[in-house]
Structure formats: C-alpha cells, structure tokens
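Enquirer: The structure is given below, and queries will be raised subsequently.
The values are calculated or read from the model by the stated rules, or taken from the named source; none is laboratory data. Owing to the predicted nature of the structure, the values given are computational and were not obtained by experimental measurement. Counting neighbours? That spans all protein chains shown, and the Cβs are built from the backbone with ideal geometry, glycine included.
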Amino acid sequence: MSARRAAMRRERLQRNKIEKKKGAMAEFERAKEQGVMTKKLNVCWISAGISSFMAGYLAGDIDEWIYIDISDQHNDSIRFIKDCEKAIGKEIQVLSSKEYRSVEDCVRVFGGFRNPANGFAPCTNWLKKRVRKEWEEQHKECDLTYVWGFDLKEKNRAERTIEANPQAQHEFPLIDKQLSKEEVHGLFERTFDFARPKMYEMGYPNNNCIGCVKGGMGYWNNIRKDFPDVFESRAKLEREVGYSILKDSDGKPIFLDELDPKRGNMNTEIFPDCGIMCYLNLE
C-alpha cells in the first residue's frame, strides 16, 4: 500500500470513528431527555491493580464493582479480588470472554499481536473490550458513571477516555485528589492490611497479564527469568504466526528467541496498566 493510500485510509477511519462517537453521544443524550434511562449506576472496572481499587474506594458510592478475568493473569489476582471484596463489604462481579480464554487463543485466531489498522492487540479487543461492550448492552437503559484509576500523571489518558466513551459519564478520584501512582500505593498500604498483587512484589510496575504483549525488552527479559515457560511459549507463538512482539528503534522485528538477555530496563520502559486502558478507546 502506497503512503498516500495509507494516509487516505487512516483519514477515512478517523472520520468514521468521529461520526460513530457523535452518534453514540446523540443517542445517549436522547435517552436521557426521554427518560429511558431508569437507573443510575456507578461502576468501578477493577483491574486487580492497586490504582483501580483505590479509585473505587475513594469514590465511595460504587454500585457495581466489575473485574474481567483472563487466564493469563497471575493466579494471585483472584486472591487480591477476594481480599478487596472483604475490605469493601461488597461482591465484585467477575466477567470473562465466552469465546477466548487467553492471549494465545486470540493471537492464533487473528494471526498477530497487533491490529495493523490501529496498533491495538487482539487480546485487548476480545478478552476485555468485547466483554465490557456485552455488559453495556445488557445495561443500556442505565445512566452509567464509570470510575477509573488514572493517577495525576495520566490526565491526558483521562481526557481521551471521556472523548472516546460518550456512553457513560466518568470520574477520576486519583486525579481529583492530586495523587501520583506512588502515593496511591502508599495510601493503600496505610489503609489496608492485605497484600498487594504478587506481580508488584516481584518488581513489575503493574498487574497485567503475565507475558503482556505491550511489554518492552526489559520486561520480557524479566519474564524470561521469572516465568520461563511463558517466555518460551510466546517465543514459539511468534514463530508460528510470523510476527514479533518487539521491534528495534528502526522498526526491525526482534523475536524473543533472539532477544539479548542484557537489553532493556523494565523500570524505564513505558508500560501502561492494561487493566484500565484495555477497556477503552478502541473502535
């Protein structure tokens, strides 16, 4: 595809995306005006991470706590969810995809780790976004407010969330209280007496799936050390589908079985919490 045709395609996709959002917003406003929405629901989409849990806790008035479970999450994540339930005195609803259970399921079906049209991972779409959309369809007569765990450094992501998701109103308690990620973790430890998810204690910056396709070279070298079976499985999967998770600075693919064990630094790599952003901003 020529550069001109690719640019035209991107422009067309962007126009369609804008029109779709406008339509969703108009439908949302009509439903409110006509009184179709019969019930207000404050919803916290908890990711089994500290930030999303603390956002819901600080918001206070949460009607529905929802966690989307994926088999690739560390098995300690469910322990954390159960501890959260005890702490808040409410049940956390656990949802999961009816079609796929794992990242590898999605990658094998769709033949790659990223959608070339928008750069998003198929696991993002099918394991999380579609599950959320199904829940929304079942609650389309509700006036929804979503509570999210973006921290002080993520204001731009919060703004994109509002723009991309007109079907609900949005609250960001951590930003409202001017809390950084480090401060949120400190507040959690001072407030609660149960353990953070194990992935944090192992040095990972978030509690994403083990072997997250959004991770960089340093992350994958840590996975090689801590979860060698996952590393080997993803390396074989790359060769099976013919695409690499990692790329060099010049765009050249780097397959995991070729990755230098000394490359990358997980502590300096940009690696967002998938549990929040994976639910959002996808068309």
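Enquirer: Among the residues of the stretch 132-157, write down those that are crowded, with 21+ Cβ neighbours inside 10 Å and part of a helix (DSSP H, G or I).
Expert: Across the stretch 132-157, the qualifying residue is only Glu154.
Enquirer: Please report, ordered by residue number, the helices (runs of 4 or more DSSP H) entirely within the stretch 193-254 with at least 1 residues that are of a type in the set (S, T, N, Q). Give the steps one after another, and end with the answer.
Expert: Details: elements: 198-201, 217-226, 228-241.
Because the criterion is at least 1 residues that are of a type in the set (S, T, N, Q), the helices (runs of 4 or more DSSP H) in the stretch 193-254 that meet it are 217-226, 228-241.
Enquirer: Any residue in the stretch 206-227 that is among the aliphatic types (A, V, I, L, M), more than 27 Å from Ser97 (Cα to Cα) and either under 17 Å from the mean Cα position of the chain (by Cα) or surrounded by 14 or more Cβ atoms within 10 Å (Cβ to Cβ) (or both)?
Expert: Taking the stretch 206-227 and keeping what is among the aliphatic types (A, V, I, L, M), we get 210, 213, 217, 223.
Remaining after also requiring more than 27 Å from Ser97 (Cα to Cα): 217.
Okay, now just the ones that are also either under 17 Å from the mean Cα position of the chain (by Cα) or surrounded by 14 or more Cβ atoms within 10 Å (Cβ to Cβ) (or both), so 217.
Scanning the stretch 206-227 turns up at least one residue that is among the aliphatic types (A, V, I, L, M), more than 27 Å from Ser97 (Cα to Cα) and either under 17 Å from the mean Cα position of the chain (by Cα) or surrounded by 14 or more Cβ atoms within 10 Å (Cβ to Cβ) (or both).
Enquirer: Moving on. For Lys86, state whether it is within 29 Å of Gly211 (Cβ to Cβ), among the basic types (Lys, Arg) and modelled with pLDDT of 95 or more. Explain how you work it out, then say what you get.
Expert: Details: within 29 Å of Gly211 (Cβ to Cβ): no; among the basic types (Lys, Arg): yes; modelled with pLDDT of 95 or more: yes.
No.
Enquirer: Here is a follow-up. Looking at the stretch 217-230, I want the residues that are basic (Lys, Arg) and have a partner that is modelled with pLDDT of 95 or more with Cβ atoms under 6 Å, at least 6 apart or on another chain. Which pairs are those?
Expert: Arg224/Phe231
Enquirer: Here is a follow-up. Where residues in the stretch 64-106 are under 24 Å from Glu182 (Cα atoms) and among the hydroxyl-bearing types (Ser, Thr, Tyr), which of them is surrounded by the most Cβ atoms within 10 Å (Cβ to Cβ)?
Expert: That would be Tyr67.
Enquirer: Additional query: Any residue in the stretch 107-129 that is of a type in the set (A, V, I, L, M, F, W, C), in contact with a strand residue (DSSP E or B) (Cβ under 8 Å, 6 or more places away or on another chain) and surrounded by fewer than 18 Cβ atoms within 10 Å (Cβ to Cβ)? Walk me through it before giving the result.
Expert: Of the stretch 107-129, the ones of a type in the set (A, V, I, L, M, F, W, C) are 107, 109-110, 113, 117, 120-121, 123, 126-127.
So of that shortlist, the ones also in contact with a strand residue (DSSP E or B) (Cβ under 8 Å, 6 or more places away or on another chain) come out as 127.
So of that shortlist, the ones also surrounded by fewer than 18 Cβ atoms within 10 Å (Cβ to Cβ) come out as none.
Scanning the stretch 107-129 turns up no residue that is of a type in the set (A, V, I, L, M, F, W, C), in contact with a strand residue (DSSP E or B) (Cβ under 8 Å, 6 or more places away or on another chain) and surrounded by fewer than 18 Cβ atoms within 10 Å (Cβ to Cβ).
Enquirer: For the stretch 55-63, indicate whether the set of residues that are crowded, with 23+ Cβ neighbours inside 10 Å and within 18 Å of the chain's Cα centre (by Cα) is non-empty. Give the derivation first.
Expert: From the stretch 55-63, those crowded, with 23+ Cβ neighbours inside 10 Å are 55-56; that's our starting set.
With the extra rule that they be within 18 Å of the chain's Cα centre (by Cα), the set shrinks to 55-56.
Looking through the stretch 55-63, at least one residue is crowded, with 23+ Cβ neighbours inside 10 Å and within 18 Å of the chain's Cα centre (by Cα).
Enquirer: Looking at Asp76, Asp72, Asp83 in this structure, which one is among the acidic types (Asp, Glu) and under 14 Å from the mean Cα position of the chain (by Cα)?
Expert: Working: Asp76 fails: under 14 Å from the mean Cα position of the chain (by Cα); Asp83 fails: under 14 Å from the mean Cα position of the chain (by Cα).
Result: Asp72 is the single residue among Asp76, Asp72, Asp83 that is among the acidic types (Asp, Glu) and under 14 Å from the mean Cα position of the chain (by Cα).
Enquirer: Something else: Could you list, in sequence order, all residues of the stretch 98-115 that are modelled with pLDDT of 90 or more, closer than 19 Å to Gly215 by Cβ and of a type outside the set (D, E, K, R)?
Expert: Within the stretch 98-115, Ser102, Val103, Cys106, Val107 qualify.
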